[in-house]
1. Taking a 1.4 Å probe, which of A:F156, A:F20, A:F119 shows the most accessible area, and what order do the others take after it?
2. How large is the accessible surface per residue of the range A:23-231, computed with a 1.4 Å probe and reported in Å² as a whole number?
3. In the range A:5-27, which residues give up 40 Å² or more of accessible area once the other protein chains are added, compared with their chain alone (1.4 Å probe)?
4. So, by mean Cβ neighbours within 10 angstrom, what's the order for A:158-164, B:152-158, A:260-266, B:375-381 with the highest one leading?
5. Taking the Cα of B:A68, stepping 7 Å toward and past its beta carbon, and measuring to each backbone N in the range B:316-351: which are under 20 Å?
6. Leaving ligands, DNA and RNA out of it, work out the accessible area of B:Y318 with a 1.4 Å probe and give it in Å² to the nearest 10.
7. Can you give the convex hull volume per residue for the Cα atoms of chain B, as a whole number of Å³?
8. So what is the calculated 222 nm ellipticity per residue for chain A, using -39500 (n - 2.57) for each DSSP H run with n of 4 or more, over all residues, to the nearest 500 deg cm²/dmol?
Amino acid sequence: MSGQRLSYLVLLALALALPFFVYPVLVMKVLCFALFACAFNLLLGYTGLLSFGHATFFGTAGYVAGHALKVWGLPTELGLLVGTGAALALGWLIGSLAIRRQGIYFAMITLALAQMMYFFFLQASFTGGEDGLQGVPRGTLLGVIDLADDLHLYYFVLAVFVFGFWLIYRTIHSPFGQILKAIRENEARAISLGYDVARYKLLVFVLSAGLAGLAGATKMLVFKFATLSDAHWHLSGEVVLMTLLGGMGTVFGPVVGSSVIVTLQNELADKVGSLVTVIMGSIFIVCVLLFRRGIVGEIAALYKRALGERA
Amino acid sequence: MKQKTLVMLMAMAITALASQAALAQAAKAKTGKLSGDMVKIGVMNDMAGLYADIGGPGSVEAAKLAVADFGGKIFGKPIEVVFADHQNKPDVGAAKAREWFDTQGVDMITDVPTSSVAIAIAKVANEKKRVYMNTGAATKALTNEECNPYTVHYAYDTYALANGTGKAIVQTGGKSWFFLTADYAFGHALEADTAAVVKASGGEVKGAVRHPLSASDFSSFLLQAQASKAQIIGLANAGGDTINSVKAANEFGLTKNQTLAGLLMFITDVHSLGLKTAQGMMLTDAWYWDSNDETRKFSKRFFEKMKRMPSFDQAAVYSTTLTYLKAVQAAGTDDADAVMAELKKTKINDLFAKGGYIRADGRMVHDMYLMQVKKPEESKYPWDYFQLKKVIPAEEAFQPLSLSKCSLVTKK
């Protein structure tokens, strides 16, 4: 346990030092998507629910938070909360409809409702349609720290990420998390044990939606805009890719997966030109064919095997 | 004798002094202050998606051609062209632009199709105080609500397309109109802009029908358009919707009695539709490769590299690159404020525009062209697609400055 705690501390120290070596805006983007993927993993990896419309929470929170900051002039932290609250509310709405069905039907319902939201954002006047909601001020944190500075903002984003990650970690390792895993393994059995499965599913759906929203609102703050691509089904697909690539159902998998995807998107953008999408697709195919447990999942499996052999 | 020598000596001294001064002046012109001891031009666009044919790798090649035509060096220092694929994602584009400005010393960004990405990068350019010459995006917000001192919108915008197509077609006899409009903000705006121009020019709008974005079946909409008996069917949509509505209109035989007008259509769309389907359509173009010897010469060079003729966007990227480099040379520095001042006071005369100029709101004003797509039998060689119907003079082509919502203009 202490070894684990030590490794978390080392990772945190690394994260604190990272902006001095890597371009901070890129790291912030990675952190936002990592939180998004972690929230998604809570649903897919630990409860076995494949939502194919998670970008809608990410996008909704971004739009609402952006509108709150730009038009209503709310302070930054309150704006993020309003955005997250909107994602929670939408999560409750979509969740209570979608969890009535399982498997592919669940995925299709979430996709359909997310598409409805997408077209709402396309039409609504406050989102700016295709132009996007642009030029949102970053503001100050608690009225003191100027977030326009990339480095200040980085530590704020890191704090948001650590909070979200901690919340997910606590959820997974709580009795509530055990029940989620039980539902994932055998839903009928969980019901037979007397658990109100629908309520647990709804609760975790809302939690996941809220955290995805927090990630979306934070990303909006980093880039100062929210656009349609944040709510597009492409992004819903991308977050599945991030989670699978990193390792579904592992704590760190989504973080690794999103780092790889975002870094590739960014770094390949000015090197290979038109091949970016092809490379992404190939990575996904290789991942599905050769290492189904994802990067972190495979490493963990190797580690376990090595331990087993030694014992 | 002595006097003569004296005069000669003096003359020599004067010439020496004068030539020294001239040399000094020449030297001054040859050296300039450059950040990072070089000029870096960033071409950012969609390399593989929806807009890759309009800009894509061709734009990078166009920028390189411009650098070569400029002489490859500025003040004896290198000029570099870098590129990035924004994948039509504003966050990818904005992150890359920030990184380019912050860590890689990029001095100017050009191209950038997709409205949301275009505006996002305009914000970054303003924040970082670097020159941004957009050629690829259609949104007129770049020189209205979202304008800033460092952004130039170079090739076209939705106003110019609506205005050009609407007015010019009415003037050439297309009096009655019916609109087929994509049902969202962009489509509505395009329809409203065009309808206003049509009415103002003495035309008549017989009606409009809205179709959902990415519609798969246009039949019922086209029947309404057919029943309206309007001469011109204005397509207030874009991309796949335009392509599909043109195809469907052909299948319904609409094009026998009525003329389609594409309000946002590119030569690449015509290329993928084929002349058989697209023939007779009217559209507004910012530049056409087969206009004169100069454009043909450039296009041949371009064709050798890319195996296709340049779109107006690619020609505009060539022009922005060349115009920017000339401005840096004239200003003697790549400092964005000095270069912008130079850009806004110098006329643009190259193969893209003649007598073009950049207004206070960042709009580059130049002639636009009303084109009609040729019939297959009229097309003599590959890419021989357009028949020039009318030159729309610069002053009429773009939104008047008095209507601009740009804060740089209205603040006074």
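1. Numbers: A:F156 30, A:F20 130, A:F119 80 Å².
Listed by decreasing accessible area, they come as A:F20, A:F119, A:F156.
2. Here the per-residue accessible area is 37 Å².
3. The answer is A:Y23.
4. The most tightly packed comes first, giving B:152-158, A:260-266, A:158-164, B:375-381.
5. B:316-326, B:350-351
6. The accessible area of B:Y318 comes to roughly 10 Å².
7. Numbers: hull volume 70.0 nm³, N = 412.
About 170 Å³ per residue, rounded to a whole number.
8. -25000 deg cm²/dmol
The values are calculated or read from the model by the stated rules, or taken from the named source; none is laboratory data. Owing to the predicted nature of the structure, the values given are computational and were not obtained by experimental measurement. Positions of Cβ are generated from backbone atoms using ideal geometry, with glycine treated the same way; all protein chains shown enter the neighbour counts. For accessibility, only protein heavy atoms count, side chains too; no ligands or nucleic acids. Shrake-Rupley method; radii C 1.70, N 1.55, O 1.52, S 1.80 Å.
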